[in-house]
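First up is the structure itself, then whatever we jot down about it.
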Amino acid sequence: MSTQFLAIGECMVEMAPTGEGTFAMGFAGDTLNTAWYARKCLPASWTVGYCTAVGDDKVSDQMLAFLEGAGIETSAIQKRDDRTVGLYMIQLKDGERSFAYWRSQSAARCLASDRAHLDNVLGRAGLIYFSGITLAILPAEDRTAFLEALHKARAGGAKVAFDPNLRPRLWEDAETMRACVTKAAGLCDFVMPSFEDELAHFSDPTPDASADRYLAAGAGMVVVKNGPEQVICATEDQRQSFQPKPVSGIVDTTAAGDSFNAAFLAEYLVTGDIVASVDAGAGLAGRVIQHRGALVDVLEPA
Ligand code: ADP
């Protein structure tokens, strides 16, 4: 099996307030966050790559340099001269963060437009990771092509992991979101939803109901996260629940799910041990939420 962890989606420029009236530039995005943490969790025998599209300009080059600096391979990233990368700005009001986005014309929306490139990139991966946001930003015809490419890569031996990350505002309508996410889940070895989203957008009464729904769609294993509550891991013939350890001093829950997914998958790919994988996921997420920001270097024991 290939030992490449390949995440696919959109990395954005982040402008975060410094508290002095200025903003500091960083880079983040759900699938990128997971790639970043996966690089820290996986052994050196695995490579971690990111697949997206960026512009042919200075800020895009800075993004690529950032990825490479984090040990993430960028050879699957296409450069386009007609678009550039998306951006979001964080604003603080009374300690609450709000986000403004400029991403509707981002280069990442074209990440699946070159079918041969997509087949080639996915065909080399051992584990392909994507999210509902990856699907949401694609034009409808590219979503279909993307799912076909996933199907082909999986037939060729790749494992596929998916966080539905339901964001209705990025989709044309909620019905399309639910249909597309359900179809995608059916092509996956691991579906890793957060119950809060599933309750809000699929009206699942319980985390078990979310697991049942994704298993019925064809998912191999469903891992339902639920903030401080139990994590459920379910396959057709087994179901276990795990209580994450209590976390004190939580300051920012950004990237809790993204970091959980990275540490869970990294452990599972290497050991196949479900208990150790949930422990790794919850352990990393628990440390990430004790710090501000999406990308926190917290792998050293506290
Ligand atoms: P998301 O960021 O997708 O909303 P969740 O809130 O479901 O993700 O959290 C993902 C994981 O992060 C949980 O399964 C848990 O391990 C950890 N986590 C999140 N919030 C807490 C919390 N308040 N206390 C302890 N662990 C938490």
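The values are calculated or read from the model by the stated rules, or taken from the named source; none is laboratory data. None of these values were measured; they are calculated from a predicted model. So basically every Cβ, Gly included, is an ideal-geometry build from the backbone, and we count neighbours across all protein chains shown.
With respect to Ala70, determine if the residue is under 17 Å from the mean Cα position of the chain (by Cα) and surrounded by fewer than 19 Cβ atoms within 10 Å (Cβ to Cβ).
Values: under 17 Å from the mean Cα position of the chain (by Cα): yes; surrounded by fewer than 19 Cβ atoms within 10 Å (Cβ to Cβ): yes.
Yes: the conditions hold for Ala70.
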- Message: Just to be sure before I move on: is Ile133 within 15 Å of the chain's Cα centre (by Cα), modelled with pLDDT of 95 or more and either over 30 Å from Glu236 (Cβ atoms) or in a helix (DSSP H, G or I) (or both) in the structure I sent?
- Response: yes
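Quick one: how many residues across the stretch 293-302 are surrounded by 15 or more Cβ atoms within 10 Å (Cβ to Cβ) and either aliphatic (A, V, I, L, M) or over 16 Å from the mean Cα position of the chain (by Cα) (or both)? Please lay out each step first, then the result.
Taking the stretch 293-302 first, the residues surrounded by 15 or more Cβ atoms within 10 Å (Cβ to Cβ) are 293-296, 298.
Retained after the next criterion (residues that are either aliphatic (A, V, I, L, M) or over 16 Å from the mean Cα position of the chain (by Cα) (or both)): 294-296, 298.
Within the stretch 293-302, residues that are surrounded by 15 or more Cβ atoms within 10 Å (Cβ to Cβ) and either aliphatic (A, V, I, L, M) or over 16 Å from the mean Cα position of the chain (by Cα) (or both) number 4.
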Going through the stretch 210-240 in order, the residues found to be part of a loop (DSSP other than H, G, I, E, B), under 18 Å from Ala184 (Cβ atoms) and in contact with a Ser or Thr (Cβ under 7 Å, 6 or more places away or on another chain) are Gly220
Cβ pairs under 9 Å, 6+ apart or interchain, first in the stretch 92-107 and over 20 Å from Leu135 (Cβ atoms), second among the charged types (D, E, K, R), ordered by first then second residue, are Arg97/Asp252
| query | Is there a residue being in contact (Cβ under 8 Å) with a residue 12 or more places away in the chain and acidic (Asp, Glu) anywhere in the stretch 15-27? | reply | no
The condition from (1) within 30 Å of Asp142 (Cβ to Cβ); (2) within 16 Å of the ligand (Cβ to nearest atom); (3) in contact with a Ser or Thr (Cβ under 9 Å, 6 or more places away or on another chain) that Ala200 misses is numbered (3)
All-but-one check, Lys245 against (1) surrounded by fewer than 19 Cβ atoms within 10 Å (Cβ to Cβ); (2) modelled with pLDDT of 95 or more; (3) closer than 28 Å to Leu92 by Cβ; (4) within 9 Å of the ligand (Cβ to nearest atom), failing number (3)
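Residues checked against (1) over 30 Å from Arg97 (Cα atoms); (2) outside any loop (DSSP other than H, G, I, E, B); (3) under 18 Å from the mean Cα position of the chain (by Cα); (4) modelled with pLDDT of 95 or more:
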{"site": "Asn261", "(1), (2), (3), (4)": "no, yes, yes, yes"}
{"site": "Val270", "(1), (2), (3), (4)": "yes, yes, no, yes"}
{"site": "Ala280", "(1), (2), (3), (4)": "no, yes, yes, yes"}
{"site": "His291", "(1), (2), (3), (4)": "no, no, no, no"}
